[in-house]
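Before any comments, here is the structure.
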Amino acid sequence: MRMQSHIVRRPILVTFLLGVLAASSHGQPSAAGKKLSEADIIKYLDQKIPESDLITLVKRQTVDFALTPAITAILVRKGAGDNLLTAIGSGKGTAKDLEISSPFSEQEVPHSMPVRGRSKDFTDQGKHLWLFAHREDLTDMWWPQQSSLMLKASGEWMHGVTFGSDDDIGFDFEVVAIWVDSEVDRKLQTYIKQAVRTGEYPPMPLPVGGPTETVRVRRVK
């Protein structure tokens, strides 16, 4: 019987969260259906509420703030994981047409890692979404990242990015997400095919396009 009591406790916690934990930043119970604020999420992270329960709460009530890089950085420092960040981003959308949600600004990054974000879909305008990266001090020398991006139905995207070589450890890098037109996309596809064939990846100027979004990070080992 003790085992059965333990099993049903978690649904009770979820019910409690849905009904009571949606509080204001002052800790008072909110009205039913009130959207969660950034302060609410931080408070629940500080209280060590299980992430799975927070995700359920976010999906139920949504949020009233945009998941900007600055807010993402704060939530990550408080212990938010990728799944919670995704739920928050889906609950509100973004303040911009295009946003990079991970890595966050000034984050330390390894040689390569997946970059994530969300965007409105501009493919009906003949546009294609690409990622570019470069070492910040190499002005107007950029490297496109393998292929154009595919959006999920939610508007989320993910793509691997390479941050230089071991000689670049300690340097700042910039990653740019940019929607480009079909002509630029064709040139980029040709560049990638030639680079794969020859093994040479020469830099290029950042193409004209938009919307764009940029994040600055620091390369570590």
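The values are calculated or read from the model by the stated rules, or taken from the named source; none is laboratory data. Because the structure is a prediction, the values reported are computed rather than measured. Cβ placement follows ideal geometry from the backbone for every residue including glycine, while neighbour counts extend to all protein chains displayed.
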Every listed condition ((1) in contact (Cβ under 8 Å) with a residue 24 or more places away in the chain; (2) out of contact with any Phe, Trp or Tyr (no Cβ under 7 Å at 6 or more places or on another chain)) holds for residue 134 save (2)
Those residues of the range 175-221 that are among the hydroxyl-bearing types (Ser, Thr, Tyr) and in a strand (DSSP E or B) come to a total of 2
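Among what's in the range 114-167 and is of a type in the set (Phe, Trp, Tyr) and assigned to a loop (DSSP other than H, G, I, E, B), pick the residue that is surrounded by the fewest Cβ atoms within 10 Å (Cβ to Cβ). Can you show your working first?
Initially, the range 114-167 is screened for residues of a type in the set (Phe, Trp, Tyr), giving 122, 130, 132, 142-143, 157, 163.
Now restrict to residues that are assigned to a loop (DSSP other than H, G, I, E, B): 122, 163.
Details: 122: 19, 163: 23.
Top of the filtered list is 122.
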When (1) surrounded by fewer than 16 Cβ atoms within 10 Å (Cβ to Cβ); (2) part of a helix (DSSP H, G or I); (3) at pLDDT 90 or above; (4) not assigned by TED's automatic domain parsing to the domain that holds residue 156 are applied to residue 84, the one that fails is (1)
Taking the range 59-86 and keeping only residues that are farther than 13 Å from residue 104 by Cβ and in contact with a strand residue (DSSP E or B) (Cβ under 9 Å, 6 or more places away or on another chain), one is left with 61, 62, 63, 64, 65, 66, 86
Taking the range 43-53 and keeping only residues that are touching a helix residue (DSSP H, G or I) at 6+ places or on another chain (Cβ under 6 Å) and either surrounded by fewer than 19 Cβ atoms within 10 Å (Cβ to Cβ) or modelled with pLDDT under 90 (or both), one is left with 51, 53
Reported set for the range 57-72 where residues are crowded, with 16+ Cβ neighbours inside 10 Å and part of a helix (DSSP H, G or I) is 57, 58, 61, 69, 71, 72
Only one of (1) crowded, with 17+ Cβ neighbours inside 10 Å; (2) closer than 16 Å to residue 209 by Cβ; (3) in contact with a Gly (Cβ under 6 Å, 6 or more places away or on another chain) does not apply to residue 182, and that is (1)
Residue count, the range 125-150, condition closer than 20 Å to residue 98 by Cα and touching a helix residue (DSSP H, G or I) at 6+ places or on another chain (Cβ under 8 Å), comes to 8
